[in-house]
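The structure appears right after this line, and notes come after that.
FYI, it's all coordinate maths here, none of it is from the lab. Predicted, not measured: the structure shown is a model, and the values here were computed from it. Counting neighbours? That spans all protein chains shown, and the Cβs are built from the backbone with ideal geometry, glycine included.
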């Protein structure tokens, strides 16, 4: 697949390389709407005006006209420094990506016949994972005809959910996966905050 790149010069003189597949926003002469709603660099509304009027206003400020809400009627455009705008977007995307990478899926496995000591041991591990910001997939494993004891497995997972309800919430309800029952728990930030406030 060939990607076509084009070069644009903003009113401030910056050279901007854009590609047809990667450009997220139309800017300056790329904007096609005849009439647009304009906001300034601080977010203050400047009203509805023609594209040409808005372009002249952006040029007078040595800034760019960027379409930020193309589906609005009329489309919303902001007068900003496009280079700075792109930098801030990329910065936010990196932070979001970092948070997503930090949250990992940890798995805890139970046997359908488990004593209190083993249950508490595994529950403490699950609690540690949740407090570290990770998701936890808890599974009860069955072999052969043991699959007929799913009610025991459901009880174990229900006990785990109750034991962690002060810091976690259910992301995926208890369900059957082949010869296992599983549930996915995720950190509940609101509950963790309440716990901290109380203490």
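A few points about this structure:
- With a Förster radius of 25 Å applied to the C-beta separation of residue 131 and residue 151, the computed FRET efficiency comes to 0.25.
- Put a dot 7 Å past the Cα of residue 170, heading toward its Cβ, do the same for residue 94, and the two dots end up 4.0 nm apart.
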